[in-house]
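Take this structure, written in structure tokens, and hold onto it; I'll ask about it next.
The values are calculated or read from the model by the stated rules, or taken from the named source; none is laboratory data. Keep in mind that what you see is a predicted model, and the values were worked out from it rather than measured. Cβ: placed from backbone, ideal geometry, glycine included. Neighbour counts: every protein chain shown. Accessible surface is based on the protein model in full, side chains and every heavy atom, while ligands, DNA and RNA are left aside. Shrake-Rupley method; radii C 1.70, N 1.55, O 1.52, S 1.80 Å.
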Amino acid sequence: MKKIRLLFFIAFLIALQACNFDLQEVSSSVTPEETTPSAHQKSKWTFMIYMAADNNLDSAALDDFREIERGNCDSELVKTLVLLDRAQGGGNDENSWSGTRLFEINHSEAKSKSTQLDCSSLGINTSASTELNMGDSETLISFLNFSRKYYPAEHYALIIWGHGTGYRFGGKDKKRAVAIDDTSGTFMSIPELRKAIKSGMGSDKLELIGFDTCFGAELEEIYELKNESHWFAGVEGVQDASGWDYSSWMSQEVESCNYGNEIAKLIEKQYSAKNDKSFAIVNMDAVSEVFEAFNSFSTKASGLIDNEKTASKLKEKIVTDAKIFSVSGSMHNPVYVEISTMASIFLENYPQLLNDVLRVNSALRKATSESYCSTQEIFPIGIYFCSRDEKGQIADQNSTYYIQGSGADGQCQFVQDANGYVPTANQTGSLLDKLLSNYKFSL
């Protein structure tokens, strides 16, 4: 009996050890000889995960990091790098650490481990604590350059992990988007993100860019990034802090994938199994067509609105009947609307827009044909519609960052190009000019 108990105890210890993916163990396993990598042979895929957790997502970041470690794809074919920035304090137990660390993930061993790396261009040294500003585009540029130099691949995928607020946050003096860093008090706007990717990827192009954030699949963001990646993956609205289940999709199936949409389908499969929300997989080559169709539709729809009363009714109907995305109870908060459902509301009121709505939906179908729920004629791309004021009511005015011709620095390309939709500084009569009371109707 004692022998049986002893064997059981030994088996228990082995099992416990195999399930231990604690980051303290990761850091303690590093030796100086391992920390400065030499250039690897070209792999099939290199995944670059930009994990901005220097905020209230710190614990969720550790959970996802452990999921990434548990992925069982072949590390000779699939390389994974994680730049993880934790909140100051980094928890309150003996295994806590704070600051920023760079890891290479070893998926192949029975007990997955991570190697902590040095990176001189990032200023990261495994022997000292480092705090990077993840909201600084130079940090992302250095991360991408390092990844391409030491982990060359046939295909590259970049995952932006953390908070996301769409094209920008709707506060009076804020324009937050992604990579929100509480220690530095900074963030990265979508135009800054595009420029960083373009610079960091050099002559290479991303096969996939994924937003493991809230409010990723908005037309403003997708349009901005359309030339930087072949495929996009993300959601229109709010997602749980747990985000994507990396241990599920970073599997042996990844090894056989040749295109970004195939990777995105693996992510979508695990996401849709646990969520009832739509998931967007976007062919970036089709985004310009979506933009042209929607901007043309907006111009014609605006031309049919000839009085303030009609504009007010349409605005209220869109907010109450269309599929919208926002964070309830948040002041100065953007409200995003699913493009296809907004177009259908206009069609109900103006049958003469039929061909224009069909063109919009055709372009959306082409761009999102791989998406979860696309077979139900739901095309999961949203767009900014309005903001809430201090009382939670629809604000009549927009931030200068979403007004064409306002002169504000850092506007996304969509705002600069979409003259039929976005508000204009000289009140030319765009769709949002009329719907948001930024237009003087003739008496």
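Calculate the FRET efficiency for ALA273 and PHE441 from the Cβ-Cβ distance with a Förster distance of 56 Å, rounded to the nearest 0.05.
The value I calculate is 0.70.
Past the 20 Å Cα-Cα mark, which pairs from LYS205/LYS226; LYS226/LYS277; LYS195/LYS366; LYS226/LYS366?
LYS226/LYS277; LYS195/LYS366
Also: Rounded to the nearest whole Å², what accessible area per residue is found for segment 280-439 with the 1.4 Å probe?
Accessible area per residue, segment 280-439: 42 Å².
Determine ³J(HN,Hα), in whole Hz, for all residues of segment 403-420 in sequence, where each value follows from phi through the Karplus function 6.51 cos²θ - 1.76 cosθ + 1.60 and θ = phi - 60°; x replaces Gly and Pro.
Karplus-based 3J(HN,Hα) across segment 403-420 equals 10, 5, x, 6, x, 5, 6, x, 5, 6, 4, 4, 4, 6, 9, 8, 5, x Hz.
Ranked highest first by average number of other Cβ atoms within 10 Å, how do 350-359, 177-186, 425-434 line up?
Highest-to-lowest ranking by the protection proxy: 177-186, 425-434, 350-359.
What is the sum of charges around SER371, taking Lys and Arg as +1, Asp and Glu as -1, for the other residues whose C-beta is under 13 Å from the C-beta of SER371?
Cβ neighbours under 13 Å give a net charge of 0.
Let me ask something additional. Sort the following peptides by mean Cβ neighbour count (other Cβ atoms within 10 Å, averaged over residues), highest first: 202-211, 153-162.
153-162, 202-211
Return the loop-located GluC sites (Glu not before Pro) in segment 362-412 (DSSP other than H, G, I, E, B) with at most 11 other Cβ atoms within 10 Å of their own Cβ; answer none if there are none.
Those satisfying the criteria are GLU377, GLU390.
How much FRET efficiency would the formula 1/(1 + (r/R0)^6) give for ALA425 and TYR259, where r is the Cβ-Cβ distance and R0 is 41 Å, rounded to 0.05?
0.45
Where the centroid of each part is defined by its Cα atoms, how far is segment 292-370 from segment 245-285 in Å?
Rounded to whole Å, the Cα centres lie 28 Å apart.
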